[in-house]
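The values are calculated or read from the model by the stated rules, or taken from the named source; none is laboratory data. Quick caveat: nothing in here was measured; it's all calculated off a predicted structure. Note: ideal-geometry Cβ built from the backbone for every residue, glycine included; neighbour counts use all protein chains shown. Remember, those area values only see protein heavy atoms, side chains included, never the ligands or the DNA or RNA. Shrake-Rupley method; radii C 1.70, N 1.55, O 1.52, S 1.80 Å.
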Amino acid sequence: MTMKVYNTLTRQKETFVPVEPGKVKIYVCGVTPYNHPHIGNARPFVTWDVIRRYFVYLGYDVQYVQNFTDVDDKIINAANTENVSWDVIANRYIASYFEIMDSLGVKRADVYPRVSEHIPEIIDVVQKLIDKGFAYVIDGDVYYKITAFDDYGHLSGRSLDDMQAGARVDIDDRKENPMDFALWKSAKPGEPAWESPWGQGRPGWHIECSAMSIKYLGETFDFHGGGSDLIFPHHENEIAQSEAYTGKPFVHYWLHNGFITVNEEKMSKSLGNFFLVQDITKHYSPAVLRFFLIATHYRSPLDFSDERLSEEARGLERLTAAYETLTYLKTLSHDGPSADSAAFVAAAKQAEADFIEAMNDDFNTSLAVSALFNLAKEINIYHSKVVSEKSGNDARAVETVMTCYARLADVLGLKEAFVSNTTVGADAELTQGLMDLILSIRAEARQKKDWATADKIRDALGQLNIIVEDSPQGARWKKQ
Ligand SMILES: [Zn+2]
């Protein structure tokens, strides 16, 4: 089955063909670390985490690079306000970024290049652009000459006239064209600055992503991602810089995620609907927030509201409950295969096929989640047949379905949430082992009609918010 991805560059779904067979190379524009991550930051990184996990699931060797823009006006302003060095601010919020994204189950990138650590690479690219006639120097500043690059405007679909009409009035009349953008800025007092052939200064915003992506992924790579607000000018400028520098196509597929609105209003600090992830997770678990982000296709706009979050929390609970049911079914006696268990395994195969079909259609996580819900329904049907109708349990079928369910949940990054909910604390295996031991002691007590001991164990577990349910198939436990 072929995979289709929506390419912003061509405005259509295209068949994915990797640059190098078996490999996928991804660059995603990271954060400017001057504040804690907000919900709008979380969306691209959770989206790309799922895409990356899916490629790994398909057997690809994935290389994932995401930068930190640690040299930027916003960081310098924050540093001046607090009267600390710029790198104090950057390091503080880079640490916050990792803490938040780890909590959301976002796997770490292979490399997190920082601008401040790649100044020589950036200078090399700028110098070559000057040498090739794509850039010019004025008073220690270096500008990219957009009219030198024929394809300028291709990604965003804008003509030069559109851009100029849409741009803020640029008072710098030293530039050849008002749309020419800075590759290098001469030093101003109190700002971080590095030596360069054009004097002391620092890089402009866009050049870092060209220099750092090419360094780690090569001159042409598969995917470049980010929010749709980055299409123009950031990604448009990245293409102009990179392709002028290498003379080769820069990126094959440009993927952009949609905006997040809050109660159907654009999210902004001034509207007061600006949500930091750390504030949201005081009310909802990080797993619920992650589930909310992937339950909608990445290109669609996503509206954040309490109702939606509560809805997704209930959805995630249903999926988790199905996982718990599988854990429980595994503890029951094995009665061998049956027509019911064969249908059960077939349902899991169907769910996996539907999941793959959804993900191969431009990473449609919304439909992939539906496939998981369908399988959860089948798990409940099988469970009620075994427990209520007393049809036999097929331990091997349960194992097969559970492996499949966990594998698909893991692509979406939800498996950890299932496991941590089923068990107490992080050490899932140890907890499961201890619970098995406790419940077997209780079962022995019950067999000997030692009700006092059996009740004592149940009540003590109750104190720990662990509920024990007895059934003809044995005891089952869950967290309250
Ligand atoms: Zn970038």
- Task: Quick one: in the range 63-83, of everything that is within 14 Å of the ligand (Cβ to nearest atom) and assigned to a loop (DSSP other than H, G, I, E, B), which residue is most open to solvent (accessible area, probe 1.4 Å)?
- Result: Asp72
- Item | Residue pairs meeting the criteria (Cβ under 6 Å; at least 6 apart or on separate chains; first under 19 Å from Leu414 (Cα atoms), in the range 275-287; second of a type in the set (A, V, I, L, M, F, W, C) and at pLDDT below 90) | Ala287/Ala417
- What are the residues in the range 53-62 that are farther than 19 Å from Phe98 by Cβ and surrounded by fewer than 22 Cβ atoms within 10 Å (Cβ to Cβ), if any? Val56, Tyr57, Leu58, Gly59, Tyr60, Asp61, Val62
- Query: Can Val50 be described as within 16 Å of the ligand (Cβ to nearest atom), open to solvent by less than 10 Å² (accessible area, probe 1.4 Å) and not aromatic (Phe, Trp, Tyr)?
  - Reply: no
- Look at Glu357 and say whether it is surrounded by fewer than 18 Cβ atoms within 10 Å (Cβ to Cβ), under 30 Å from Met3 (Cβ atoms), acidic (Asp, Glu) and not assigned by TED's automatic domain parsing to the domain that holds Glu14. yes
- Message: So, Ser270, is that one out of contact with any helix residue (DSSP H, G or I) (no Cβ under 6 Å at 6 or more places or on another chain) and not assigned by TED's automatic domain parsing to the domain that holds Ser156 or not?
- Response: yes
- Checked the range 306-323 for anything open to solvent by 10 Å² or more (accessible area, probe 1.4 Å) and within 17 Å of Glu264 (Cα to Cα); matches are Asp306, Glu307, Arg308, Ser310, Glu311
- A careful count of residues in the range 226-251 that are within 11 Å of the ligand (Cβ to nearest atom) and outside any helix (DSSP H, G or I) gives 2
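Could you tell me how many of the residues in the range 5-16 are touching a residue at least 60 places away in the same chain (Cβ under 8 Å) and open to solvent by 80 Å² or more (accessible area, probe 1.4 Å)?
Selection size over the range 5-16: 2.
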- Item | Pairs with Cβ under 8 Å, 6+ apart, first in the range 189-215 and among the aromatic types (Phe, Trp, Tyr), second within 12 Å of the ligand (Cβ to nearest atom) and in a loop (DSSP other than H, G, I, E, B) | Trp205/Thr69; Trp205/Asp72
